[in-house]
Amino acid sequence: MAGIQLFKAKYEVEECLEQIRECLEVGWTGLGFKTVQFEEAWKAYTGLPFAHYLNSSTIGLYMAVDILKEQYGWADDDEIITTPITFVSSNHAILKSHMKAVFADIDDTMCLTPQSVKEHITDRTRAVMYVGLGGNMGHYYEIVDICKEHGLKLILDAAHMAGTRYKGEIPGREAEVVVYSFQAVKNLPTADSGMICFKRGEFDEIVRKKCWLGINKDTYSRSSDSGNYKWKYDVEYIGDKGHGNSVMAAIGLVQIKYLDRDNAYRRQLATWYREELKECEDKVKTVRIEDGCESSYHLFQICVEDRDALMMALNAAEIYPGVHYASNINYRMYEYAKGTCPYSDYVSDHTISLPMNLYLTYDDVKKICAVIKNFVNR
Ligand SMILES: Cc1ncc(COP(=O)(O)O)c(C=O)c1O
């Protein structure tokens, strides 16, 4: 890949191969074995009480809404307040469960604002889908308070938040469920996988069954049990095939050891970006991180007036940033909310995610910022 890329995962290659070799030599690459080890490692890292390893965070978000709806007796067309500025997985999860996605607006933290969330609460609101965009927590703790006050469940889409801390602690215990992504370009990359962390043990048990077609005993236990009847199991739900596998977990078990080191370098990159762009802060708005939040900096976002032209100028210099995200309200299934979230519309048309990967150097950041400064001062 020539030029400076937005993302480029950096793996501890030899250690990953060692872990994968173990799977191949043992002859077990499926559910169980390394997936259980990784769940334990993730619980130890986050301090969250339960964790189930999945093949993506998308299935985790689908399961989160599905299980909460079923267990709390929510009706079709009951509402979940959510953000337009996210990957569609967050919002598709709501529609998949036949509920209504009600869009509230964001601010320059790129996350939902407490005021807008409050304004959208009705007697059919059941939950808030909160996305820590780019690893930023935005006004998370105020949203936690609003949920408590109004009896709403909080679903935390933490796809970008692996390693994000608030005053030294990993957030999430306040939420009903937290869903992480370990997809190919995320801060803890495994190729493809995710983790769902319910607050309640009963729901963790349910998700384990639902992500294995509804079967109540995993294949590893069945093939490693020495007793009789190991082929016997019951099927309690019409579930999905959503669980993770031992090869992905093997990579995860290595990468988790380096997550804090890697995120510290991402924060260094963000500091360099901020320093370099300070002199044009009237024309280049950088994402706002609230005091106390130590962002994972999955993304470093800016907003500029002529985004598309700046994108072309960066591409001409062989720099390839991205956009996170176009407002989901642009897509046909969410069009009913057109015009309701003006700041999200602004972000959708003006934001750029600057390259944020562990191969970047200080000189790369200076080069990227030089193109941006030239462009906005032209
Ligand atoms: C905010 C957000 N939520 C969910 C997802 C889905 O993650 P996965 O690819 O692991 O399903 C993504 C992926 O980019 C995302 O950015």
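Read the figures in this text as sums done on the coordinates, not as results from a lab. Not measured: the values here are computed from a predicted model. With ideal geometry, Cβ positions are generated from the backbone for all residues, glycine too; neighbour counts draw on all protein chains shown.
Here are some notes:
- Backbone amide hydrogens, once placed in the peptide plane, bring I319 within less than 5 Å of I4, excluding anything fewer than 5 places away on its chain.
- Shape category assigned to segment 233-308 from the gyration tensor of Cα positions, a/c cut at 1.5: prolate
- Within segment 4-255, percent of DSSP bridges classed antiparallel, to nearest 5: 45
- On full extension, the segment bounded by E290 and Y346 gains 18.1 nm, given 0.36 nm per residue less the C-alpha separation.
- Degrees separating the helix 57-72 axis from the principal Cα axis of the chain, which is the longest one: 60
- A straight line joining the Cα centroids of segment 103-167 and segment 319-340 runs 18 Å.
- Computed magnitude of the charge dipole of segment 259-376 (debye, nearest 20; Cβ of K, R +1, Cβ of D, E -1): 100
- Total charge dipole magnitude, the chain, about the Cα centre, Cβ charges on Lys, Arg, Asp, Glu only, Debye to nearest 20: 520
- Crossing angle, helix 362-376 versus the chain [Cα axis fit, 0-90 degrees, rounded to tens]: 50
- Computed FRET value (nearest 0.05) for M312 with E281, which takes r as the C-beta separation and R₀ as 30 Å: 0.85
- Dipole of segment 259-376 [Lys/Arg +1, Asp/Glu -1 at C-beta], most positive-end residue of I319, I329, T340: I329
- Prolate/oblate/rounded call for segment 88-227, Cα gyration tensor, a/c under 1.5 rounded: prolate
- For L6, L314, L95, order by how many other beta-carbon atoms lie within 10 Å, fewest first: L95, L6, L314
- Per-residue [θ]222 nm for the chain (sum of -39500 (n - 2.57) over DSSP H runs n ≥ 4, rounded to 500): -12500 deg cm²/dmol
- Kirkwood Rh, Cα atoms: Rg over Rh of the chain: 0.99
- DSSP-defined antiparallel bridges as percent of all bridges, segment 79-218, nearest 5: 30
- A full extension of the chain between E202 and K167 corresponds to an added length of 9.6 nm, given 0.36 nm per residue minus the alpha carbon distance.
- Of the residues I251, C111, G73, the one whose Cα sits farthest toward the positive end of the charge dipole of the chain, with +1 on the Cβ of Lys and Arg and -1 on the Cβ of Asp and Glu, is I251.
- If the convex hull is drawn through the Cα atoms of segment 259-376, its volume per residue in Å³: 132
- Relative contact order, percent, the chain [alpha-carbon distance under 8 Å, six or more residues apart]: 24
- Length gained when the stretch E22-Y265 is fully extended (0.36 nm per residue, less Cα-Cα span): 84.5 nm
- Sites listed here are GluC sites (Glu not before Pro) in segment 115-206 whose DSSP assignment is loop and whose Cβ has at most 16 other Cβ atoms within 10 Å: E174.
- Going from the fewest other Cβ atoms within 10 Å to the most, the residues W42, W74, W231 appear in the order W231, W74, W42.
- Which of S296, H350, T361, positive extreme of dipole for segment 212-366 (C-beta unit charges): S296
- Segment 249-266 - phi-based ³J(HN,Hα) in whole Hz, Karplus 6.51/-1.76/1.60, Gly and Pro as x: 5, 4, 5, x, 5, 7, 5, 4, 5, 10, 4, 5, 4, 5, 5, 5, 5, 4
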